[in-house]
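A quick write-up on the structure given underneath.
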Amino acid sequence: MKFIVIGGDAAGMSAASRAKRNLPELEVTVLEQGEDVSYSACGMPYNLADPFREMDDLVVRRAEVFREKQGIDLRLRHRVDAIDRIGSSVKGTDNKGRPFSLYYDRLLIATGASPLVPQIPGTDLPGVFVLKGLHHGRQIKDYLRKVHAHKAVIIGMGYIALEMCEAFRALGIEVAMVKPRPVLLPRMHKRLSEIIKTVLEKESVELFAGVEPRSIEKEGDLVRLSCSGQEFKADLVLVAAGIEPNSGLALDAGLELGPSNSIAVDRSLRTSDEKIFAAGDCSDAYHVVTGRKVWIPLALRANRAGWAVADNVTGGEASLDGVAGTAVFKVFELEVATTGLNMEEAKSAGFDPVEVVIESRSRAHAHAGSSNILVYMAADKPSGRLLGVQMVGREGVAHRINSAAVALHQHMTVEAFSQCDLAYAPPFSPVWDPLLTAANQLLKAL
């Protein structure tokens, strides 16, 4: 049997490796249009903050390891241009510009996502960057080594934008951030978002929300970004305005699409064609709280989905429950975490939500080093079911959110969650963990 994988990062290589382990005689071919496979894209902002580290430190496993130790036919710089569902084949161009056609018994589309770039003049100029693949990280690193940068402008204020903001400041580069929408982090509760904004301002980051980029031009060695009512001159511009799924191959092949034009899959990762699977940032998922289809591209889902595809291709019956949208990121000294729904999302999903925000401490009150933690928690009033949690603090947030994520996966009520036996010791938590305090307050609101 021939198993072809389009795309060689998290979902694609996880599927290829596991399929080969499950069924060593399986013919596994991976077609990757770039030069890199199996790397930690999430580590790029932190790598860029350290001028002495090489970007290739983020490579988890090199191509030759997959070929020589696992027997995977991994082909770099092979671009797939079309899927022929009737002939069960993929067609494209190889690393020497020659056309190729390969037959498949089972196919995985793991084409990932691409950066959203505003449709304005000048985004292709030198000094203008995006950050998604390892080659983007290399470009930025090489540029920073050649140019003594004093100022950067970031278009966007999402996770990657905020992580890159910290990276630039670590290198002594001034930062201005711009975005068309008026709110810094619209999914976060206002009180939590304001704490993040305060920290950014303390770190001398200029924030310009509600500003629409219009054009980018070169002005000598500098780059000039013109916006509605504002103009910025900088050594470089980073576009970090979000990503979109690479679903063009699926669309052209007549496969069904889901939210945000991601590739629609069932719980076994099958597309609308039973021979074709999709996994990773290009595909959708079910939300464990709403049961609805969502597009939430995150690393754990990509790897887990790759495993599930491999098991199904090699004769198993793997099925995934879905995602809660659990995410954590760092903004200077702050840890920011979220899982589940906010009020607006809960209302849109048909719930009757109630919310609370509480302030607690990361450690016992008399223990040195304790700092504030803000917890947002939402629940459905009729059923008492927990719907979502958000947290911001200087410590004790990143891993604490995981217990809330487990509660969402188990469809727990706030009352049931409030009775969970969470660990306590003065260096790590008050007797009443911040999550339990939030749950107790939410019970009163319910």
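Numbers at a glance
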quantity	calculated
Cα radius of gyration and Dmax for the range 259-349 (Å)	14.5, 47
Percent of Cα pairs exceeding the 24 Å cut-off, where the set is the range 333-445	19
Neighbourhood charge, 13 Å Cβ-Cβ cut-off, centred on residue 135 and excluding it, Lys, Arg +1 and Asp, Glu -1	-2
Summed side-chain charge close to residue 205 - residues other than residue 205 whose Cβ falls under 11 Å, Lys, Arg +1, Asp, Glu -1	-2
DSSP-defined antiparallel bridges as percent of all bridges, the range 117-241, nearest 5	40
Relative exposure of 151, 202, 91, judged by other C-beta atoms within 10 Å (fewest first)	202, 91, 151
Gyration tensor (alpha-carbon) shape descriptor, the range 308-361, a/c threshold 1.5	oblate
When each of 146/190; 96/132; 69/293 is checked by Cα-Cα distance, pairs over 30 Å	146/190; 69/293
The range 186-337 - Kirkwood radius from inverse mean 1/r over Cα pairs (Å)	18.7
Kyte-Doolittle at least 0.0, axis length at least 24 Å by Cα - qualifying DSSP helices, the chain	none
Cα gyration tensor, the range 117-241 - rounded (a/c under 1.5), prolate or oblate	prolate
Quotient of C-alpha Rg and 2.2 N^0.38 Å, computed over the range 294-389	1.45
Between the range 383-416 and the range 47-102, the alpha-carbon center distance in angstrom	38
Helix-only [θ]222 nm of the chain, DSSP H runs n ≥ 4, -39500 (n - 2.57) each, per residue, nearest 500	-7500 deg cm²/dmol
log10 of Debye I(q)/I(0), alpha-carbon scatterers only, for the range 27-119 at 0.14, 0.20, 0.21 Å⁻¹	-0.67, -1.09, -1.15
Cα pair distances exceeding 34 angstrom across the chain, given as percent	40
Under 13 Å from residue 202, Cα to Cα: aspartates and glutamates that are on another chain or at least 8 residues apart	166, 174, 194, 333
Beta bridges per DSSP with both ends in the chain, % antiparallel, nearest 5	65
Sparse-neighbour loop sites [trypsin sites (Lys or Arg not before Pro); the range 20-77; at most 16 other C-beta within 10 Å; DSSP]	53, 61, 62, 77
Counted charge near residue 422, where neighbours are those whose Cβ lies closer than 11 Å (Asp, Glu -1; Lys, Arg +1)	-1
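Every number in this text was worked out from the coordinates using simple rules, so none of it is lab data. Small disclaimer: the values here were computed from a predicted structure and weren't measured. Cβ sites come from the backbone with ideal geometry, for glycine too, and all protein chains shown count toward neighbours.
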